[in-house]
Amino acid sequence: MLEKKVPFSIDLIKDIAKSYPTPFYIYDEGAIIKNLRALQKAFAWADFKEYFAIKATPNPFLMKLMKEVEVGADCSSLPELLLAEKVGIVGEDIMFTSNDTPASEYRKASKLGAIINFDDISHLTFYEEHVGKLPELVCFRYNPGQAKEGNLIIGHPEEAKYGFTKEQLFDGYRYCKERGVKRFGIHTMVASNELDYTYFIETAEILFALVQEISQALDLTFEFVNLGGGIGIPYRPEDEAVDLIKTGAGIRAKYEEIILSAGLPPVKIYMECGRMVTGPYGYLITKTQHIKRTYKTYLGVDATMADLMRPALYGAYHHITVLGREEQSAKETYDVTGSLCENNDKFAIDRELPAVTIGDYLVIHDAGAHGHAMGFNYNGKLRSAELLLRPDGSIKQIRRAENMADLFATLDFAELENF
Ligand SMILES: *Cc1c(COP(=O)(O)O)cnc(C)c1O
């Protein structure tokens, strides 16, 4: 069987667990940065910038490391804007791609000088009414509707709540131009966890063609094309990662064909990837507490779906390694469960693993994106710590685990006395 590797030894994990009890998340700093550089290299032919979709892993320490390699922040809420500000990511290093946006969030994005990516034509007048003059740079999110097939996770674009229709794009840019806006961008995002690289080339082609059509029709100049995120990761050992070089080269060919040969001015290429940036390089470490044999064999661990809800939410596959047993054959079949009072609190169903003993450490792979971020407190579960494995092999805690005081912080027990 294909096995996924881990960047740490069992001895290191046992050592870490003495200071930071399981379950905890651990991220591989070196691998995250190396991967970001590979993405940038694939687009070295262009004026390229990645805006990390911080909802995937909203940790300011990771964001700061990314800032050092010129990665910005894609934000979609006020707390995400505040995180970017704390890290010193401000101005046009922030892409504000939100939807159903409250006025207060537009106001904050405006104060920070973020690039505002409008989700709907009605938000232009909403913005003028609640925030003020339109920003000097505007971007619109395009929803291609039936012009493009969605992928499995995101569904059909015409069913998606996001973005402008094609006709609305023309009306929107015209409206902005009439009000003195001089700088323009365009965005779309219609896939999530897509492993077929040709999908991204097609998306770029659609946007480049729109740039051509709109700039000619309305006599305006586009500054950038934002291809969104959605690059998938190989969750299963047999999956293959997206070939970034081929993706970049394919997009370059379309760029030359549609933008350059039409004599249009150069446009910058932006992306707002989340999953592929941190997903493969974050691991949830949990310890086996019980082995229960009834109609099936249940391997009870100390993490729950409150730590990582993707398997329960979407039936997502997350590979599991039993640390120290990598060389043993997978001869047992387990349901790997947490302790929530929910029968779908399972990290894996009928998973073949080496024979596990109580106290064994399990590594749940590809948990770096939409993992800790989606955590919750059901059944009073406390959210775990996040640790960083530094390139020199040292460990840094980048978020402490929650404690009972955090959990009860919104309750006033003193008032209970007089109630
Ligand atoms: C979620 C999201 C992303 C990131 O998507 P990934 O699949 O994690 O790359 C980018 N842009 C927007 C607007 C998003 O909602």
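Annotations for the structure displayed:
- The label-point distance for L218 and N418, in a model that sets each label 7 Å from Cα toward Cβ, rounds to 5.9 nm.
- Other residues within the sphere of radius under 12 Å centred on the Cβ of D335, judged by their own Cβ, net out at +1 (K and R +1, D and E -1).
- In order through the range 101-114: 3J(HN,Hα) via Karplus (6.51 cos²θ - 1.76 cosθ + 1.60), integer Hz, x for Gly, Pro: 7, x, 4, 4, 6, 4, 4, 5, 4, 5, 4, 6, x, 5
- Order by protection proxy (mean Cβ within 10 Å, highest first), peptides 139-145, 52-58: 52-58, 139-145
- The HN-Hα couplings worked out from phi for the range 255-260 by the Karplus form 6.51 cos²θ - 1.76 cosθ + 1.60 (θ = phi - 60°) are 4, 5, 5, 9, 8, 5 Hz, whole numbers, x standing for Gly and Pro.
- Candidates G282, G172, G228: whichever shows maximal mean-square fluctuation once the chain is modelled as a Gaussian network with Cα springs under 10 Å: G172
- Summary value for the range 50-141: 23 percent relative contact order, contacts being C-alpha pairs under 8 angstrom separated by 6+ residues.
- With the highest mean first, a sort of the peptides 158-171, 361-374 on other beta-carbon atoms found within 10 angstrom per residue produces 361-374, 158-171.
- Residue among Y314, Y283, Y173 with the largest mean-square fluctuation in a Gaussian network model of the chain, springs linking Cα atoms under 10 Å: Y314
- Rel. contact order, % - alpha carbon contacts under 8 angstrom, at least six apart, the range 280-408: 29 percent
- Per-residue HN-Hα couplings for the range 209-225 [Karplus 6.51, -1.76, 1.60; θ = phi - 60°; Hz; x = Gly/Pro]: 5, 5, 4, 4, 5, 6, 5, 6, 5, 10, 6, 9, 10, 8, 9, 8, 10
- The dipole here belongs to the chain: it is taken about the Cα centre, uses +1 on the Cβ of Lys and Arg and -1 on the Cβ of Asp and Glu, and is about 720 debye.
- Sorted largest first, extent of the range 280-408 alpha carbons per principal axis (Å): 38, 38, 26
- Neighbour-limited loop hits for GluC sites (Glu not before Pro), the range 233-266 (at most 13 other Cβ within 10 Å; DSSP other than H, G, I, E, B): E238, E240
- Length-normalised contact order for the range 43-273 - Cα pairs under 8 Å, 6+ apart - percent: 19 percent
- When the alpha carbon coordinates of the range 208-349 are projected onto the principal axes, the ranges are 70, 34, 22 Å, largest first.
- When K64, K86 are compared by accessible area of protein heavy atoms, the largest-first order is K86, K64, using a 1.4 Å probe.
- Taking the square roots of five times each eigenvalue of the Cα gyration tensor of the chain, the equivalent ellipsoid has semi-axes of 41, 25, 19 Å, listed largest first.
- The value obtained for the range 43-273, namely the Cα convex hull volume divided by the number of residues, is 118 Å³ per residue.
- Taking Lys and Arg as +1 and Asp and Glu as -1, the other residues whose beta-carbon sits under 15 Å from that of R37 total -1.
- Dipole in debye (nearest 20) - the range 43-273, about Cα centre, beta carbon charges: Lys, Arg +1; Asp, Glu -1: 700 debye
- Each of N343, Q289, F408 was placed along the dipole of the range 280-408 (beta-carbon charges, centred on the mean Cα), and the one lying farthest toward the positive end is F408.
- Net dipole in debye of the range 280-408 [+1 Lys, Arg Cβ; -1 Asp, Glu Cβ; about Cα centre; nearest 20]: 140 debye
- Residues whose placed amide H lies under 5 Å from that of E50, excluding near-sequence neighbours: G72, M271
The values are calculated or read from the model by the stated rules, or taken from the named source; none is laboratory data. Here the structure is a predicted model, which is why all the values come from computation and not from measurement. Virtual Cβ from ideal backbone geometry, glycine too; neighbours counted across all protein chains shown. Remember, those area values only see protein heavy atoms, side chains included, never the ligands or the DNA or RNA. Shrake-Rupley method; radii C 1.70, N 1.55, O 1.52, S 1.80 Å.
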